[in-house]
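Student: Dropping the structure in here first, questions after.
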Amino acid sequence: MEIEYIAFDSFGIKSSCIRVVSEGISIVVDPGIAKETDSFPLPFAERVLLKQKYFLKIKKACKKSDVVIITHYHWDHVVPKASLYKNKILLIKDPKMNINKSQRERAQGFLKMVKPVAKEIKIADNREFKFGETKINFSKPLWHGRIGTKLGKVLMVTIIDKEKRFVFTSDIDGPYIPKYADLIIKEKPDILIIDAFPSYLLGFIASFENLKRAIKNTIKILENTNASLYLIEHHLLRDYRYKEVYYEVYKKARELGKNVMTAAELAGKKPAVLAGYKKYGPTRWKTWKRFSFEEMNKKIKHAKKVARDRY
């Protein structure tokens, strides 16, 4: 199994796109892209240029692949451009069941666009597909974050050949739902890509309590799996504090001797969010403390007190 890490947040764009070549079949997972938000420490023009650069890489990856997987219908996971899917087998999240309103609408538009050009389109939810000696397993629909979130549901993907078990979590935000950590552990990954917690949204739609859960569940995954590589990616890499936010995860990884890094670091580069911070300085967060369990407990206690006093 060979894996190409095509586009990720650590490269400076909203994306989680990979290409897997296994036993004669080539698979692209989540060919989507969007520019980073204003809290990302790069000028607007640079963010736009990065989006253009990595879209071309995604386009090339799709062109030389046989199968395209769509785990859900957010634009950083699927580009609505018909030419990417011409003559491809599409394995997609169910566009009608276990899906929220906005994703359902996007899915309808996407299917209308790709049906005339795709080789085949198959619903993937909770199913297994086999291409020669390569198996692709899909989870049941999982919440994109907390239970009941308006962001809808996604599919986790496991690709298996004679050599490796590769697991791609899609967007489960951590995970901070404990049973999702158990699902990952059960898959026994050799390589694992975890979409880490959206800390850049703390104080908006993300809470310190859920961050603490995500960190504890990530540590549980590290303790109960033996992957050769753990990529911590996507949402967390939009925050230049990410190493301090995931302080407890990195600390545990060092203790266990686990190989935890970003896609940029795997490619021998500094994550774009750190390079931008060093070059241009801070955006939203001027000062902060290391996010130890002790510090997070203080934040949670304060938030609960504020809530009690307010209501």
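Student: Just one of D94, D66 is within 20 Å of the chain's Cα centre (by Cα), of a type in the set (D, E) and modelled with pLDDT of 95 or more; which is it?
Tutor: D94
Student: If I ask for residues that are surrounded by fewer than 20 Cβ atoms within 10 Å (Cβ to Cβ) and of a type in the set (S, T, Y), which ones from region 138-157 would you list?
Tutor: Of everything in region 138-157, just one residue is surrounded by fewer than 20 Cβ atoms within 10 Å (Cβ to Cβ) and of a type in the set (S, T, Y), namely T149.
Student: Moving on to the next point. Under 6 Å between Cβ atoms, at least 6 apart or on separate chains: pull out the pairs that start in region 110-139 with a residue that is on the phi < 0 side of the Ramachandran plot and end on any residue that is of a type in the set (F, W, Y) and part of a strand (DSSP E or B).
Tutor: Matching pairs, first to second residue: A124/F138; R127/F138; I136/F129.
Student: On to the next question. Applying the selection to region 226-272, what residues are under 16 Å from the mean Cα position of the chain (by Cα) and on the phi > 0 side of the Ramachandran plot?
Tutor: H234
Student: Report every pair of residues separated by at least 6 positions or lying on different chains whose Cβ atoms are under 6 Å apart, first residue within region 236-247 and touching a residue at least 40 places away in the same chain (Cβ under 8 Å), second surrounded by fewer than 22 Cβ atoms within 10 Å (Cβ to Cβ) and charged (D, E, K, R).
Tutor: E244/R290; Y247/R290
Student: Is there any pair linking a residue in region 280-291 that is within 16 Å of E248 (Cα to Cα) to one that is surrounded by 13 or more Cβ atoms within 10 Å (Cβ to Cβ) and at pLDDT below 95, with Cβ under 6 Å and at least six apart or on different chains, and which?
Tutor: Correct list of pairs: K289/E295.
Student: Condition check: in contact with a helix residue (DSSP H, G or I) (Cβ under 9 Å, 6 or more places away or on another chain) and farther than 27 Å from N137 by Cβ. Does D76 satisfy that?
Tutor: Criteria not met by D76.
Student: For region 135-182, what are the residues that are touching a Pro at 6+ places or on another chain (Cβ under 9 Å), of a type in the set (D, E, K, R) and not in a loop (DSSP other than H, G, I, E, B)?
Tutor: If the condition is that a residue be touching a Pro at 6+ places or on another chain (Cβ under 9 Å), of a type in the set (D, E, K, R) and not in a loop (DSSP other than H, G, I, E, B), then K153, R165 are the ones that fit.
Student: Please go through region 269-293 and pick out each residue that is of a type in the set (D, E, K, R) and either at pLDDT below 95 or not in a helix (DSSP H, G or I) (or both).
Tutor: The answer is K269, K270, R284, K286, K289, R290.
Student: I'd like to know if region 99-107 contains one or more residues that are in contact (Cβ under 8 Å) with a residue 40 or more places away in the chain, under 29 Å from I191 (Cβ atoms) and either in contact with a strand residue (DSSP E or B) (Cβ under 9 Å, 6 or more places away or on another chain) or in a helix (DSSP H, G or I) (or both).
Tutor: yes
Student: Just give me the residues in region 253-268 being surrounded by fewer than 19 Cβ atoms within 10 Å (Cβ to Cβ) and touching a residue at least 24 places away in the same chain (Cβ under 8 Å), in sequence order.
Tutor: L256, N259, M261, E265, L266, A267 - these are the residues of region 253-268 that are surrounded by fewer than 19 Cβ atoms within 10 Å (Cβ to Cβ) and touching a residue at least 24 places away in the same chain (Cβ under 8 Å).
Student: It is to be established whether one or more residues within region 187-195 are in contact with a helix residue (DSSP H, G or I) (Cβ under 9 Å, 6 or more places away or on another chain), in a strand (DSSP E or B) and surrounded by fewer than 21 Cβ atoms within 10 Å (Cβ to Cβ).
Tutor: No - not one qualifying residue is present in region 187-195.
Student: Also: Return the pairs, sorted by first residue and then second, in which the second residue is surrounded by 18 or more Cβ atoms within 10 Å (Cβ to Cβ) and outside any loop (DSSP other than H, G, I, E, B), the first residue lies in region 183-203 and is among the basic types (K, R), the beta carbons are less than 9 Å apart, and the residues are 6+ apart or on different chains.
Tutor: So the pair list comes out as K188/R165; K188/V167.
Student: In region 74-90, which residues are touching a strand residue (DSSP E or B) at 6+ places or on another chain (Cβ under 6 Å) and in a loop (DSSP other than H, G, I, E, B)?
Tutor: If the condition is that a residue be touching a strand residue (DSSP E or B) at 6+ places or on another chain (Cβ under 6 Å) and in a loop (DSSP other than H, G, I, E, B), then W75, D76, V78, K88 are the ones that fit.
The values are calculated or read from the model by the stated rules, or taken from the named source; none is laboratory data. What you see is a predicted model, and the numbers here were worked out from it, not measured in a lab. Glycine also receives a Cβ, built like all others from the backbone with ideal geometry; neighbour counts cover every protein chain displayed.
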